[in-house]
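Engineer: My questions all concern the structure below.
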Amino acid sequence: MATDAPALPKSLTKGTRPPGIIALLAALMVLVILGLIAVSTTREAWPWFQEEGLNIFTDTWDPSKNSFGALGLIYGTLLVSGIAVLLSLPISIGIALFVTDVAPKRLRRPIVYTVDLLAAIPSVVYGLWALLVLAPPLANLFESVSDATAGIPVLKTLFGNPSASGKSFMTAGIIVAIMITPIITSITREVFATVPASQKEAALALGATRWEMIRGAVFPHSRSGMVAGTMIGLGRAMGETIAIALVIGSSQRVSANILGPGDTLASVIANQFGEASGTHRAALIGCGVVLFAITILISMAARTVVARTDRRSAGTV
């Protein structure tokens, strides 16, 4: 004899509209906050945009002459961030692979705790350590590299005329690479952990070596997550301020010499905002607007890359 199905709890039969509205409001609040930040900072920076016009894309940043071209700062921001990601990415992926697929279980937790602890260290501590400990030996290393590459056409431009104090684009890139490694490692590790064990076991059962299993099973499954983690690390690198301000040398210029001093959008704000006024102050706020815009563009590009990678993995492209 058929029996009636048990009644669902009242909490499950209620409509989902209130939680949906709350979620929608939370999402809209994020957009509103971002919009307010963009509008308020652009309004404060408008005198700079109005006075300089397209000259903001020149490299003539000179407060004494009331000239504020930000091209050198944009270049320095992108260069330092690029160096940091290039140095950090292979190390981060290597650590994540070691923790998820190679290391014995008794070693995994201490390694994870150590890497996560690096992310908790304040940036000013990294900057002071780089200034007092890292920069002096790097200055000697840069000099040796410059001497060794003096006769090579391209390398002599990249490594020529190194900074005597060790403050340079490269030094800033190295310290930022250390700072973003825990971020990329943490995200990449979590992505690698989601790879189904059946895929790994199938690859090994077919005779694949461990590295072939990683290339054939782990990397394809984790590609979009790796891209996302890299972009998050890049965004963190572009916004770093104090550590870079201490070790980059404060020279607003466009130069192919990565061993020489430079500056970034964030570091020039930290170094000059306290004594700025008038157009100078507006220019520094405008640097923040430019950095905000660059970060948004990179985030959009990252979303496009991740979406395209997901479509390729699904076989729709």
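Engineer: Tell me what the chain gives for mean residue ellipticity at 222 nm when only DSSP H runs of n ≥ 4 count, each as -39,500 (n - 2.57), the sum divided by the residue total, rounded to 500 deg cm²/dmol.
Structural biologist: -23000 deg cm²/dmol
Engineer: Accessible area per residue, 1.4 Å probe, Å², for the stretch 35-128: what's the number? Mind dumping the intermediate values first?
Structural biologist: On the way: 5290 Å² over 94 residues.
Result: 56 Å² of accessible area for each residue.
Engineer: Could you sort 242-253, 63-74, 138-149, 108-119 so that the peptide with the highest average Cβ count within 10 Å comes first and the rest follow in order?
Structural biologist: 242-253, 63-74, 138-149, 108-119
Engineer: Please list log₁₀ I(q)/I(0) at q = 0.08 Å⁻¹ for the chain, using the Debye equation with identical point scatterers on the alpha-carbon positions.
Structural biologist: So the normalised log intensities work out to -0.51.
Engineer: With N residues in the stretch 136-181, what two-decimal value do you get for its Cα radius of gyration over 2.2 N^0.38 Å?
Structural biologist: Cα-based Rg divided by the globular estimate yields 1.21.
Engineer: Kyte-Doolittle mean at least 1.6 and Cα extent at least 15 Å along the axis: which DSSP H helices of the chain qualify?
Structural biologist: Helices meeting the criterion: 71-97, 169-193.
Engineer: Still on this model: Ordering TRP46, TRP129 by accessible area with a probe of 1.4 Å, largest first, what comes out? Write down the numbers at each step before the final one.
Structural biologist: Details: TRP46 135, TRP129 110 Å².
I get TRP46, TRP129, largest accessible area first.
Engineer: From the mean inverse distance of alpha carbon pairs (Kirkwood) and the Cα radius of gyration, derive Rg over Rh for the stretch 28-69.
Structural biologist: For the stretch 28-69, the value is 1.18.
Engineer: Counting only C-alpha contacts under 8 Å and six or more residues apart, can you give the relative contact order of the chain as a whole percent?
Structural biologist: 27
Engineer: What percent of all Cα-Cα pairs in the stretch 211-317 falls into each 5 Å bin, going from 0 up to the bin containing the maximum distance?
Structural biologist: Computed distribution, short to long bins: 2, 11, 15, 16, 14, 11, 9, 9, 7, 4, 2, 1, 0.
Engineer: Using the crude model of +1 on Lys and Arg Cβ and -1 on Asp and Glu Cβ, and no other charge, please compute the dipole size for the chain relative to its Cα centre, in debye to 20.
Structural biologist: Working: 23 positive and 17 negative charges, 230 e Å.
The dipole of the chain has a size of about 1100 debye.
Engineer: At a 1.4 Å probe radius, carbon and sulfur cover how many percent of the accessible area of the stretch 82-162?
Structural biologist: Carbon-and-sulfur percentage of accessible area, whole number: 72.
Engineer: Follow-up question, since we're still on this one. Protein chains only, probe 1.4 Å: how do HIS221, HIS280 rank by accessible area, largest first?
Structural biologist: From most exposed to least exposed: HIS221, HIS280.
Engineer: Now for a separate question. Nearest 20 debye, what's the magnitude of the dipole of the stretch 176-288 about its Cα centre given +1 on Lys and Arg Cβ and -1 on Asp and Glu Cβ? Could you put the intermediate results ahead of the total?
Structural biologist: On the way: 8 positive and 6 negative charges, 42 e Å.
For the stretch 176-288, the charge dipole is close to 200 debye.
Engineer: With only alpha-carbon pairs counted, each pair once and no self-pairs, how large is the Kirkwood hydrodynamic radius of the stretch 146-280 in angstroms?
Structural biologist: Computed over Cα pairs of the stretch 146-280, the Kirkwood hydrodynamic radius comes out at 18.0 Å.
Engineer: Okay, next question. If I histogram all Cα-Cα distances within the stretch 69-195 using bins 5 Å wide from 0, what percent of pairs lands in each bin?
Structural biologist: With a bin width of 5 Å, the distribution comes to 2, 10, 15, 17, 17, 14, 11, 8, 5, 1, 0.
Engineer: Once you place label points 7 Å from the Cα toward the Cβ at ILE21 and ASN66, how far apart are they in nm?
Structural biologist: Once both label points are built, they end up 5.5 nm from each other.
The values are calculated or read from the model by the stated rules, or taken from the named source; none is laboratory data. In this text, all values refer to a predicted model and were calculated from it rather than measured experimentally. Neighbour counts run over all protein chains shown; Cβ positions are idealised from the backbone, glycine included. For the accessible areas, the whole protein counts, side chains as well, though only heavy atoms, and no ligand, DNA or RNA atoms are used. Shrake-Rupley method; radii C 1.70, N 1.55, O 1.52, S 1.80 Å.
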